[in-house]
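One structure is given here, and the rest of the page talks about it.
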Number of protein chains: 2
Amino acid sequence: MRQKRITLKDIARETGVHVSTVSRALDPVERKSITEEVASRIQAAADALGYRPNRIAAGLRTNRTMTVGVMIPDITNVIFPPILRGIESVLEPLGYASIIVNTDSERDRESRLVDVLRDRGVDGIIHAAVLRSDPTIARAASEGLPVVTLNRMVENSQIPYIINDEDAGICEMLGHLRDLGHRDIAHVAGPQDLSTGQLRLAAFRNAAKRLSVEFRPELVVTARRFDEKDGARCVQDLLASGRKFTAILCANDRLALGAIDELRERGIDCPRQVSVTGFNDMPFLELIRPRLTTVRIQSHVAGCTAATVLLQLMNGESAENVPMETILPVEIIVRESTAQAAH
Amino acid sequence: MRQKRITLKDIARETGVHVSTVSRALDPVERKSITEEVASRIQAAADALGYRPNRIAAGLRTNRTMTVGVMIPDITNVIFPPILRGIESVLEPLGYASIIVNTDSERDRESRLVDVLRDRGVDGIIHAAVLRSDPTIARAASEGLPVVTLNRMVENSQIPYIINDEDAGICEMLGHLRDLGHRDIAHVAGPQDLSTGQLRLAAFRNAAKRLSVEFRPELVVTARRFDEKDGARCVQDLLASGRKFTAILCANDRLALGAIDELRERGIDCPRQVSVTGFNDMPFLELIRPRLTTVRIQSHVAGCTAATVLLQLMNGESAENVPMETILPVEIIVRESTAQAAH
DNA sequence: ATGTGTCACGCAATCGTTTGCGAAAATTCC
DNA sequence: GGAATTTTCGCAAACGATTGCGTGACACAT
C-alpha cells in the first residue's frame, strides 16, 4: 500500500553517516565539500532506495518553494496559453512549478488570489491581468515579493513589465490603411481601465499625427470588454451615428471579429466596403473568413521574457540590473480583411 | 522592507496563551474545544496582526498540501482550458490550488512530470493525458496517490475515469449522415494509442452495425495526431485510394477542419459534394466557414466531475463509494458542413 | 614534537504548524 | 462538600530538510 517515503534519515542509516552529510552529498553545490568516495556511496544508496527530496520540508527551512504564481484574466482566452507555455519553457527546466489563477478581471477576486498565492509561499508572481492602478499587487511588490507584469503595466510603481510595441503596431497598421487609400478610419478602442486599451488608443492618436491622418474623435468608440459582442455593439454605435468611414482599426482581434460579424449582419461587406483590422493575431485566425489583417505579437517570447526577468528578481539581482521595461517588437500580418478603399 | 511574517508564536505572545491554543482557536473545527472568550480574543489578535497561515509548515506536518496536479497534453489546445476552469471552479473554493503541466504527449516527459508532481506533494492528480497503458501513473495510483483520468482511461487499472459518451455521439452523428442519404461514409480515426481515438473507432463500427450502415474498412484511415495537418493527410490518402465517399465522419474537430481544408484545396465543396463532421465542438467553431457539424462535449462539466471524484478519493472515501466510471452525455450540433448526399 | 592550517563530517537548532497526551481547572453529580 | 467527570489549555514531539558552527583527523611546515 502507501509506501513510506524515503527520507534523508533512511539514507543516513543505510550508509552510516549523518543526515546532514547526506543532505550535502545530494546537493550539487555542496557536494564538493564531501569526500568523493562518501558522496558517491550516498548517491548510490539514494538511487537504490529511490529517494525523492521532500520539497515541502526544504521549502519550510529555506523559505523558497520553487513555485511561481501566474495570474491571467481567463485561460479560455486563446492568447494566454501560448504565454503560459513560454513561461513554463524557461521555469520548468529550472525546477519551478507554476500555479495559474484566473482573475476574470474582477478586482476583489484578483486581490484575493494574490493572497492565496502568497499563502502558498510562491517565490514570485507573473501578473498578466493587472489593472492600471492596482494596490494589492503593488503592496505585495513593495513588501519584497518579486513581481513582473505582462501585457499590461501598473502605473507609478517599480514593477518591471513586459509589453508589446503597441505604438509601432498601431502605427504600421494605420499606415497600411492609409496606403490603401483610407481616410475615414474609425477606431474601436479597448476598455480604458486596461493599459492595453489605453495604450492602443493613445498610439492611434499619435500615429494619426505622425502619419498626417486626420484624427477624428467622433470615429472613436470605446468597448467595455475585449470580446466579440462588444465589438459588434461598437460597430452598431458607429453605424447609428451616421458618420462615414471606410475602415475600422480595432484594439484587438476579438473586437474585430465582432465588428466584421456585425457588418455582415447589416449587409456591409468586409473588405470590399469596409476594411477591418485586429491586434494580437490569435490562433485560429487563418481559419476564419475573411482572414483577418492584424498585428502579430510574440506571445511565447513574452512569456519567456517575463519568466527570465522574474528569475533575475528572485535571484536577488540588484534592481538596477533588471530591466524595468521590455518592449517586444510586433509585425503586421496583412490578410484579406483589408482592401483598397472604396470611393 | 520585507516584513517578517506573522506566525502563531507572535499571536501566542500577544495574547499570552500557548501556540497550540492559538492553532486550535484558528482552526474552525478545533475551535469549539476552546473557551469562546479566549478564541475570539485570539481571533481578534490574529486579525489585528494580519496573520496568514503558513501552508508550507502546515503541509509538512499534516502531509497535505491542498494542491492537486493537473496533467494535460497541451494547454494551447483549445479544448483544455474550459476543462481547467471546470476543475478550478470546484477545487479553488475549497482552498485547493492546481499545478498544471503539459505532457506534449511525450511518454518520458509525462512520467517525469508525474514525479515532479509527487515531489511537490500534491494530494491528487487529474490526468487528462494518459496513454492507454501507462505504468507511471498506474504505479502512483497503486501506491495510494488519488488519481482520476479525464477524457481517456488507462486499461486494466483501478483508476476512476470520466469520459464523454463517445458511443452515443458517434452513433447519433452517423444516424444524422444516414438520414441525409449518405451511404459511403468515411471515417478519419484518431491515434489508436489514445483511448479517445480507439473508442471512437470502435464506436463507429458499432454504430454502423446498429444503424445497418455498411461498415467499410477501406474507408477508414487513421491519423497519427489529432491535428489539422494530419486530417488533411488522411483525406489525401482517401482521395488517392480512388474510393467513392460522400461524407467523412472525423474523430475530432481539428481533423475535420484539416479535412475540409484539403477538400477545398482539391476543389471539392463541403458540404455540397462531401459532408464532414467533427467531434468536441471546440470554441471558435461558429466563426469558421462552413460552420462545422459536430458533437458537443461538456468540457466544463467534465472538469467539475473529475474534481469532484478526486475530492472523494482524497477524502478517503472507500473505493466502492466512488464511481469508477462516469460517462457524460453529449449532443450533436448540426451546422453547415453536412448536407443531403449528392447522388 | 609542536603548531598551524585545512578538510570532512557530525551536532543541533531551526523553519511554522499540528496533535496526542496529560494536568489543572471547572463543572457536575450524589 | 467531596468525588467523579468534563472542559480547557499547555507541553513537547513530531514533519523532513538545511546550515552555522564546532571538532576530530590528518597533512605539512617548522
Scanning for something touching a residue at least 24 places away in the same chain (Cβ under 8 Å), over 20 Å from A:VAL68 (Cβ atoms) and aliphatic (A, V, I, L, M), does the range B:98-107 turn up at least one residue? no
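Quick grid of which residues meet (1) more than 9 Å from chain B (Cβ to nearest Cβ); (2) among the charged types (D, E, K, R):
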{"position": "A:ARG85", "(1), (2)": "no, yes"}
{"position": "A:LEU91", "(1), (2)": "yes, no"}
{"position": "A:GLU106", "(1), (2)": "yes, yes"}
{"position": "A:ILE137", "(1), (2)": "yes, no"}
{"position": "A:ALA140", "(1), (2)": "yes, no"}
{"position": "A:GLY144", "(1), (2)": "no, no"}
Unique residue being in the same structural domain as A:THR149 (by TED's automatic domain parsing), in contact with a Lys or Arg (Cβ under 8 Å, 6 or more places away or on another chain) and more than 8 Å from DNA strand D (Cβ to nearest atom) when the list is A:ILE34, A:ILE79, A:ILE75, A:ILE83: A:ILE75
Check B:GLY175, B:GLY181 and return the single one that is farther than 30 Å from B:GLU106 by Cα and outside any helix (DSSP H, G or I). B:GLY181
Among the candidates B:LEU285, B:LEU249, which residue alone is in the same structural domain as B:GLY181 (by TED's automatic domain parsing) and at pLDDT below 95? B:LEU285
Counting only strands (runs of 3 or more DSSP E) entirely within the range A:63-162, those with at least 2 residues that are over 12 Å from the mean Cα position of the chain (by Cα) and among the β-branched types (Val, Ile, Thr) are A:67-72, A:97-102
Return the residue satisfying two criteria in turn: it lies in the range B:8-23 and is part of a helix (DSSP H, G or I) and near DNA strand D (Cβ under 7 Å from one of its atoms), and of such residues it is surrounded by the most Cβ atoms within 10 Å (Cβ to Cβ). B:THR21
Does B:VAL90 count as in contact with a Gly (Cβ under 7 Å, 6 or more places away or on another chain) and of a type in the set (Val, Ile, Thr)? no
State whether one or more residues within the range A:25-33 are in a loop (DSSP other than H, G, I, E, B), more than 16 Å from DNA strand C (Cβ to nearest atom) and surrounded by fewer than 16 Cβ atoms within 10 Å (Cβ to Cβ). no
Of everything in the range A:12-30, what is hydroxyl-bearing (Ser, Thr, Tyr) and in contact with an Asp or Glu (Cβ under 9 Å, 6 or more places away or on another chain)? Give them in sequence order. A:SER23
Within the range B:35-53, count every residue that is outside any helix (DSSP H, G or I) and either among the aliphatic types (A, V, I, L, M) or surrounded by 13 or more Cβ atoms within 10 Å (Cβ to Cβ) (or both). 3
Among residues belonging to the range A:55-64 that are farther than 12 Å from B:ASN54 by Cα and either acidic (Asp, Glu) or facing another protein chain (nearest Cβ under 7 Å) (or both), point out the one that is farthest from DNA strand C (Cβ to nearest atom). A:ARG55
Step by step: first the residues of the range A:252-285, then only those that are within 13 Å of another protein chain (Cβ to nearest Cβ) and basic (Lys, Arg), then the one that is surrounded by the most Cβ atoms within 10 Å (Cβ to Cβ). Which residue is that? A:ARG254
Criterion first (among the polar types (S, T, N, Q) and either crowded, with 19+ Cβ neighbours inside 10 Å or farther than 18 Å from A:LEU194 by Cβ (or both)) does A:SER89 satisfy it? yes
Going through A:ALA44, A:ALA39 one at a time, which residue ends up being near DNA strand C (Cβ under 9 Å from one of its atoms), within 30 Å of B:ALA140 (Cβ to Cβ), at pLDDT 90 or above and outside the structural domain of A:GLY121 (by TED's automatic domain parsing)? A:ALA39
Within the range B:1-24, how many residues turn out to be more than 11 Å from DNA strand C (Cβ to nearest atom) and within 14 Å of another protein chain (Cβ to nearest Cβ)? 3
Please name all residue pairs, on different chains or six or more residues apart, with Cβ atoms under 6 Å, provided the first residue is in the range B:14-40 and is closer than 15 Å to B:TYR51 by Cβ and the second residue is near DNA strand D (Cβ under 7 Å from one of its atoms) and modelled with pLDDT under 90. B:ARG24/B:ILE34; B:ALA25/B:ILE34
Within the range B:47-58, tally of residues that are touching a helix residue (DSSP H, G or I) at 6+ places or on another chain (Cβ under 7 Å) and more than 16 Å from DNA strand D (Cβ to nearest atom): 3
Between A:VAL116, A:VAL101, which is modelled with pLDDT under 95 and within 10 Å of chain B (Cβ to nearest Cβ)? A:VAL116
Leading residue by the ranking (farthest from the other protein chains (Cβ to nearest Cβ)) among those in the range A:65-82 that are under 22 Å from A:ARG107 (Cα atoms) and either within 11 Å of DNA strand C (Cβ to nearest atom) or among the aliphatic types (A, V, I, L, M) (or both): A:MET71
Looking at A:ARG61, A:ARG5, which one is in contact with a Lys or Arg (Cβ under 8 Å, 6 or more places away or on another chain) and either near DNA strand D (Cβ under 7 Å from one of its atoms) or basic (Lys, Arg) (or both)? A:ARG5
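The values are calculated or read from the model by the stated rules, or taken from the named source; none is laboratory data. These numbers were taken from a predicted model, which means no experiment stands behind them. Here Cβ is always computed from backbone atoms with ideal geometry, including for glycine, and neighbour counts include all displayed protein chains.
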